[in-house]
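Throughout, read-outs are computed from the coordinates displayed, never taken from laboratory work. All figures in this text were calculated on a predicted structure; none of them were measured in a lab. Note: ideal-geometry Cβ built from the backbone for every residue, glycine included; neighbour counts use all protein chains shown.
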Amino acid sequence: MSQINQSINHYIVPLEGALKAIAELEAGHSPGNWLLSLKLLYDGEPSGQASFNLYGYSEPEAKELVQNIHRHEFIMREIDDLLFGDSDT
C-alpha cells in the first residue's frame with residue numbers, strides 16, 4: 001500500500017480575470033525549501049504549466065505566497081511570459 005505524502009498542499013487560486021491556477025505546494029528535502037507547481041487554466045481550459053523552487057520560506061509563508069500568487073510580481077511575470085511570450089522585448 002502506498003503512503004500519501006502529507007507534505008503536499010493543493011489550491012485553486014484565482015489569478016487575473018478568467019485565469020486560474022491549480023497549485024501544488026510540496027515540501028522540499030531541506031527545511032524551508034518548497035516546490036510550487038502550477039497548472040494554468042484560462043476559462044476552464046488548460047493553458048500551461050510552470051514550477052518554481054521556493055527557498056527560505058517557513059510553511060506558513062509558503063502557503064501565504066501560494067494563496068496570494070497574484071500579488072507576487074516575479075511569479076506573475078513568469079506566467080505572463082509563459083502565456084504571451086517574453087515581455088522584455
If one takes the longest principal axis of the Cα atoms in the chain, at what angle in degrees, from 0 to 90 and to the nearest 10, does the Cα axis of helix 73-84 lie?
60 degrees
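Is there a quick way to get the dipole size of the chain? I mean about its Cα centre, with the Cβ of Lys and Arg at +1 and of Asp and Glu at -1; what is the value in debye to the nearest 20? Before the final figure, lay out the partial values.
On the way: 5 positive and 14 negative charges, 63 e Å.
The dipole of the chain has a size of about 300 debye.
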(1) 16, 53, 27, 4; (2) 16, 48, 28, 7, 1, 0; (3) 21, 46, 24, 9, 0, with the label sought being that of the calculated P(r) over Cα pairs in 10 Å bins from 0, in percent
(2)
Relative contact order for the chain: what percent, with Cα pairs under 8 Å and sequence separation of 6 or more?
21 percent
Label zone at residue 10 (point 7 Å along Cα-to-Cβ), backbone N below 18 Å, the range 58-78
63, 66-67
Taking the chain as a Gaussian network, where each spring joins two C-alpha atoms under 10 Å apart, which residue of 27, 50, 18 fluctuates the most?
18
